[in-house]
Amino acid sequence: LMAVLTSNYVRAQERTLSVSEALELCYANNKKIKQYYERVQQKVYKDKAAKGNFLPTLNVLGGYTYLSENIEVNTSQISTSLDELGGKYGAAFVTAYGEQIGLSGVSAESAYGTLVNVLGQFPSYPNMVIDNQQFTTAAVTATQPLFTGGKIIAAKRYAKAELQSADIELKQIKNEIANELIERYLNVVLLKQVVHTRQEVYNGMLKHKEQVERAIQLEILPKHVLLRAQVAVADTQKDLNNDLNKEELATMALRTTMNLPDSIQFKTIDSIAYQDLYLDFEKLLATAYAKQPVLNLIAQKEEMAKQALALERAKFMPNIAAFGSYNIFREDLTIIPPKFIVGVQAQINIFNGFKDIQNLKASKHLEKEIINAKDYALQQIHLLVQSNYITARNQEKLYNSLTATVALAKENLRINTRRFEEGLGKSIDVIDASILYKKSKIEQLAALNEYYLAIAKLYTSIGEPEKIIPFINK
């Protein structure tokens, strides 16, 4: 749509945008919407990452180690064990070959005691040196969680709730931006109509001033009457210039919402006609309870609080995981490990300063907080829908009541202008009639604008801001 509109702008200096086209441009270009869209994408990948907790982790470990000196075994700390080991081997040798070496009458227990006693009188053994100052290590390890007390499931559900919350926040922002665009679009249209009315009155005042000038030249009216007409023209021109400036500022605000560059020229429709919209308060309220992003967001927060509580409860359960490893350069190691190691490991915390208990209690209070927040949000949404509904109805009544006033003021202006032109009326009557017509007409336009603004806010409050667009386009 942006490409098509841009090409149209190139062919035509200025193009009329309907509110639906303006909204499409806003959805495509608005920076805040893009910001929340990127947040949704973050949560999409966070949700995918949470799925990985169900799968095993596989790591490759590798390294190189250099020792400044060879490793030595301190035999003085294991001399007793070495003596006992020598005694056992000696006793076994005597038992097996005693007759051949002339020790046939010596028992194994006697040989063992004698050997241990004799070895214990020897000096300390020299330290055993392991001749290996550098070696490489490499292994492949795998870990598969078997039971975590529900942590992995709760974390996955929490991530999903975060993703859904991000989606709802994006919808909420789009609703807010849509409402902002509709309000600014309606404001531009209102000011265009106000400017048209003021231009109409200004042209009438200029014509009246010319008539007064001719009447003075013909000495039909005194000169001081011209001063009143000049003042009326000046006041009307001042009001016209002020509203022209307001219209320019309103257009700038609308451009900002759509994020259009200044090089692209556009204009809105010239006017919006009154339409009697059927509004059923009960249906509107039911729609708000079903589609209002705030309530949907609270529902996801409620789910997140539930999963947070599950995570805290899981801390009181054991963690069980299967593990395995495969050693690659095991022959280069000082102590040669086996090729494969597999097993199951369980871990449970016994005491950590009561932190888990306190966090569990905090999670329970978080659940209660969200329940209260939901009840409060329901009350506020009911109030918001009701207030916008009443405002829309009041502005509708005001607009309809001003219809007769505007018609009467317009007819009064026509009559007084005709009477003045025929020499039967006064200039001041024409000026007063013009001011009255201008005032009533602008009040009616403002009421119509407030009527549509209230309906736009009403549809936004129920989560359907775009519902008003067909009526504005008509």
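Just need a number here: residues in the stretch 424-474 that are under 20 Å from Val19 (Cβ atoms) and crowded, with 19+ Cβ neighbours inside 10 Å.
Total satisfying the criteria: 22.
Matching residues to (1) of a type outside the set (A, V, I, L, M, F, W, C); (2) within 30 Å of Ser271 (Cα to Cα); (3) assigned to a helix (DSSP H, G or I):
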site	(1), (2), (3)
Ile371	no, no, yes
Ile381	no, no, yes
Asn394	yes, yes, yes
Lys397	yes, yes, yes
Thr403	yes, yes, yes
Ala407	no, yes, yes
Phe420	no, no, yes
Asp432	yes, yes, yes
Lys441	yes, yes, yes
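Identify, please: which residue in the stretch 131-168 is open to solvent by 40 Å² or more (accessible area, probe 1.4 Å) and part of a helix (DSSP H, G or I) and is, among those, farthest from Glu367 (Cα to Cα)?
Here the residue is Asp167.
I'm trying to understand the selection: among the residues of the stretch 39-91, which are among the β-branched types (Val, Ile, Thr) and loosely packed, with under 11 Cβ neighbours inside 10 Å?
If the condition is that a residue be among the β-branched types (Val, Ile, Thr) and loosely packed, with under 11 Cβ neighbours inside 10 Å, then Val60 is the only one that fits.
Quick one: Gln100 ticks every box in (1) open to solvent by 100 Å² or more (accessible area, probe 1.4 Å); (2) of a type in the set (S, T, N, Q); (3) within 60 Å of the chain's Cα centre (by Cα) except a single one, so which number is it?
The number of the failed condition is (3).
Determine if the stretch 136-147 includes at least one residue that is more than 27 Å from Pro337 (Cβ to Cβ) and modelled with pLDDT of 85 or more.
Looking through the stretch 136-147, at least one residue is more than 27 Å from Pro337 (Cβ to Cβ) and modelled with pLDDT of 85 or more.
Can you give me the number of residues within the stretch 329-349 that are loosely packed, with under 10 Cβ neighbours inside 10 Å, modelled with pLDDT of 85 or more and among the β-branched types (Val, Ile, Thr)?
The total comes to 0.
If you scan the stretch 350-372, which residues turn out to be open to solvent by less than 80 Å² (accessible area, probe 1.4 Å), out of contact with any helix residue (DSSP H, G or I) (no Cβ under 6 Å at 6 or more places or on another chain) and not β-branched (Val, Ile, Thr)?
Correct list: Asn352, Gly353, Asp356, Ala362.
Exactly one condition in (1) free of Cβ contacts under 8 Å to residues at least 24 places away in the same chain; (2) surrounded by 13 or more Cβ atoms within 10 Å (Cβ to Cβ) is not met by Ser263; state its number.
Of the numbered conditions (1) free of Cβ contacts under 8 Å to residues at least 24 places away in the same chain; (2) surrounded by 13 or more Cβ atoms within 10 Å (Cβ to Cβ), the odd one out for Ser263 is (2).
So Gln211 fits all but one of (1) modelled with pLDDT under 85; (2) buried (at least 20 other Cβ atoms within 10 Å of the Cβ); what number is the exception?
The failed condition is (2).
Please go through the stretch 279-294 and give me each residue that is over 15 Å from the mean Cα position of the chain (by Cα) and surrounded by 14 or more Cβ atoms within 10 Å (Cβ to Cβ), ordered by number.
The answer is Leu279, Leu284, Leu285, Thr287, Ala288, Tyr289, Lys291, Gln292.
Within the stretch 99-128, count every residue that is in a helix (DSSP H, G or I) and polar (S, T, N, Q).
Number of matching residues: 3.
The values are calculated or read from the model by the stated rules, or taken from the named source; none is laboratory data. Keep in mind the model is a prediction, meaning the values are calculated, not measured. Cβ sites come from the backbone with ideal geometry, for glycine too, and all protein chains shown count toward neighbours. Calculation scope for accessible area: heavy atoms of the full protein, side chains included, ligands and nucleic acids excluded. Shrake-Rupley method; radii C 1.70, N 1.55, O 1.52, S 1.80 Å.
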